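Please read the structure below before turning to the comments.
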Amino acid sequence: MEVGEDAGNRLDAIYGTHAFLEGAEARTMGWSQDFLGPTLRLRSGRTARLTVGNGIEHAITSHWHGLHVPGWNDGGPQSLIAPDAVLEQALEIDQPAGTFWYHSHPHGTTGDQVYHGLAGLLLIEDEQPGENALPATYGIDDIPLIIQDKSFSRRGRLRYDDDGMTAMQGFRGDRIAVNGALEPVAQVPPGLVRFRLLNASNSRVYVLSFDDGRAIYQIASDAGLLPAPVRLDRLQLAPAERAEILVDFSDGASSRLISQDVPVQMMGGMMGGRMGGGMMGRSAGSDSPNGTFNILSLTVDESRQAAVSDVPREIRGAHIPDLGEPVRRRRFELNMMMGMGMMRGMFGGRPTLGINGRTYDMERIDEQLRIGETEIWEISADMMSHPFHVHGTSFQVLSQNGRPVSFAETGMKDVVWVENHAEILVRFDHPATPEAPYMYHCHILEHEDSGMMGQFTVT
Ligand code: C2O
Ligand code: CU
Ligand code: CU
């Protein structure tokens, strides 16, 4: 759906049904459709106007994940849309082309709503598409893949649980859906195909590769194009991360996109041994045959004409901002161990998780930042690895686990995988007020809903 400057574009959260398994209707939610939402296409340099309506029985929000918009347009937990209410949105898009997404974000129910379908893709396109020789025919050689894990009852209904141990380790389903279909097949032309990958799972991490070993050329990460393609054998995608990749099918052979069944990532800390092998690791390795998931089967349609056949040496239009010298450093410790909070989880209740020893409180502003000031944020984890996300901007990853990360290989990001420790270079160019602050949080949605989130102003 092209979202332009005219009024009239509408997105409504509604209930629906969707047959993931043949003959079994699962109750779902979607944006103006039964499950998930239409792909929104927004132009850089323009204002996108749309009306968001709430047709479900609970409050929702419309969060534009990765967009550089002011706090009052960000759709965080403070910007609730009550049942039957509508919200007019005017989003000024002033960032480079890339693959983003949108999802509901009310505190405490984000996991449930995203799991059932309140999420969709959002593409930012350049005003003048560059001279890049990249595949760009949507659905033909430019294919979006929204990857999510699901769990089903015997009658084919969706199962979701965010209590106790499930919330502690993050909800994990044992079936993988791509754009709402289990193990789908796609036809591609005999040339270069671009896939836009979004991990829209609640907590599962994927390590993607092709079963015949064909190369993956990563051309974009979360927030835009890389300066040059990066050749990979496998690609890790944590929750909320995006990647655009090029894959060469000029050999005409069929192939399969697969993922390792990545276990819950525990650290060898104080409780590592016991927790890792026992309670926390209970679903590790047991979800999939041979520890591998089939994500997508690909067959080549030789009757189609490939538009692009060579992997470009460099990518024009990759935007590499100079964020300047950092003026301060902030530390964020992602806490699983918060006194009795974790115990509650072990005994079946919703655990209390936090950041820097405090659980999320909608009434409390945790940090105050200044517009245009560059900072280093240092993020560490106390027991388990987490995907840390920041609203309102894109950042550069400086290091992961003490090892420097090259910007050329990671590009601009808004999610960083914090296995033990990570440092990011971050700057905000838009305001966020105490009434509509920005969030930073773990994007394991059950952790976020359990309080591993903080909020900040930018003035
Ligand atoms: Cu995907 Cu706070 O967001
Ligand atoms: Cu976000
Ligand atoms: Cu987490």
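Among the conditions (1) small (Gly, Ala, Ser); (2) closer than 27 Å to Arg196 by Cβ; (3) out of contact with any Phe, Trp or Tyr (no Cβ under 8 Å at 6 or more places or on another chain), the only one that Gly66 does not satisfy is (3). Taking the listed residues Pro351, Pro312, Pro321, Pro326, the one that is in contact with a helix residue (DSSP H, G or I) (Cβ under 9 Å, 6 or more places away or on another chain), at pLDDT 85 or above and not in a strand (DSSP E or B) is Pro351, with no other qualifying.
Based on what the data block shows, is Phe171 in contact with a strand residue (DSSP E or B) (Cβ under 7 Å, 6 or more places away or on another chain), modelled with pLDDT of 95 or more and aromatic (Phe, Trp, Tyr)? No; evaluated as a whole, the condition is false for this residue. Applying the condition of being under 14 Å from Glu378 (Cα atoms) and touching a strand residue (DSSP E or B) at 6+ places or on another chain (Cβ under 6 Å) to the stretch 406-419 and asking which residue is surrounded by the most Cβ atoms within 10 Å (Cβ to Cβ) yields Val416.
Here Leu121, Leu134 are screened, and the one residue that is buried (at least 22 other Cβ atoms within 10 Å of the Cβ), under 22 Å from Pro229 (Cα atoms) and either without any contact (Cβ under 8 Å) to a residue 60 or more places away in the chain or of a type in the set (A, V, I, L, M) (or both) is Leu134.
Matching residues to (1) within 23 Å of His391 (Cβ to Cβ); (2) of a type in the set (Gly, Ala, Ser); (3) crowded, with 19+ Cβ neighbours inside 10 Å; (4) touching a helix residue (DSSP H, G or I) at 6+ places or on another chain (Cβ under 7 Å):
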{"residue": "Glu5", "(1), (2), (3), (4)": "no, no, no, no"}
{"residue": "Met29", "(1), (2), (3), (4)": "yes, no, yes, yes"}
{"residue": "Gly37", "(1), (2), (3), (4)": "yes, yes, yes, no"}
{"residue": "Arg43", "(1), (2), (3), (4)": "yes, no, no, no"}
{"residue": "Arg46", "(1), (2), (3), (4)": "yes, no, no, no"}
{"residue": "Leu50", "(1), (2), (3), (4)": "yes, no, yes, no"}
{"residue": "Gly55", "(1), (2), (3), (4)": "no, yes, no, no"}
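Could you grab me the full set of residues in the stretch 426-450 that are more than 15 Å from ligand 1 (Cβ to nearest atom) and farther than 20 Å from Ser394 by Cα? If the condition is that a residue be more than 15 Å from ligand 1 (Cβ to nearest atom) and farther than 20 Å from Ser394 by Cα, then Pro434, Glu435 are the ones that fit. Given the structure, is Ala200 within 16 Å of ligand 2 (Cβ to nearest atom), in contact with a strand residue (DSSP E or B) (Cβ under 9 Å, 6 or more places away or on another chain), more than 26 Å from Asp301 (Cα to Cα) and not hydroxyl-bearing (Ser, Thr, Tyr)? Criteria met by Ala200. Can you tell me which residue in the stretch 197-215 is farthest from the chain's Cα centre (by Cα), limited to those that are in a strand (DSSP E or B) and buried (at least 23 other Cβ atoms within 10 Å of the Cβ)? Across the stretch 197-215, the extreme among qualifying residues is Leu208.
Restricting attention to the stretch 436-446, the residues that are within 14 Å of ligand 2 (Cβ to nearest atom), outside any strand (DSSP E or B) and over 10 Å from Gln368 (Cα atoms) add up to 3. Just for the stretch 360-397: of the residues that are among the polar types (S, T, N, Q) and more than 16 Å from ligand 1 (Cβ to nearest atom), which one is surrounded by the fewest Cβ atoms within 10 Å (Cβ to Cβ)? Going through the qualifying residues, I end up with Gln368.
Condition check for Gly454 on (1) buried (at least 20 other Cβ atoms within 10 Å of the Cβ); (2) part of a strand (DSSP E or B); (3) away from ligand 2 (no atom under 16 Å from the Cβ): one failure, at (3). Considering each residue of the stretch 77-88 in turn, at least one proves to be in contact with a Leu (Cβ under 9 Å, 6 or more places away or on another chain) and surrounded by fewer than 19 Cβ atoms within 10 Å (Cβ to Cβ). From the list Ala186, Ala243, Ala220, the lone residue that is in a strand (DSSP E or B), surrounded by fewer than 24 Cβ atoms within 10 Å (Cβ to Cβ) and modelled with pLDDT of 95 or more is Ala186.
Taking the condition out of contact with any Cys (no Cβ under 9 Å at 6 or more places or on another chain), under 19 Å from Gln169 (Cβ atoms), outside the structural domain of Val264 (by TED's automatic domain parsing) and among the small types (Gly, Ala, Ser), does Ser399 pass? No: the conditions fail for Ser399.
Filtering Thr39, Thr61, Thr47 for residues that are closer than 19 Å to Asn179 by Cβ and β-branched (Val, Ile, Thr) leaves a single hit, Thr39. Scanning the stretch 301-330 for residues that are among the hydrophobic types (A, V, I, L, M, F, W, C) and farther than 13 Å from Ile219 by Cα yields Ala306, Ala307, Val308, Ile320, Leu323, Val327. Taking the numbered list (1) surrounded by fewer than 20 Cβ atoms within 10 Å (Cβ to Cβ); (2) at pLDDT 95 or above in turn, Glu302 passes all entries but (2). Of the residues that sit in the stretch 350-392 and are of a type in the set (D, E, K, R) and within 22 Å of Gln265 (Cβ to Cβ), which one is farthest from ligand 3 (Cβ to nearest atom)? It comes out as Glu378.
The values are calculated or read from the model by the stated rules, or taken from the named source; none is laboratory data. Note that the coordinates shown come from a computational prediction; the quantities given were computed from them, not determined experimentally. Ideal geometry is used to build each Cβ from the backbone, glycine not excepted, and the neighbour counts take in all protein chains shown.
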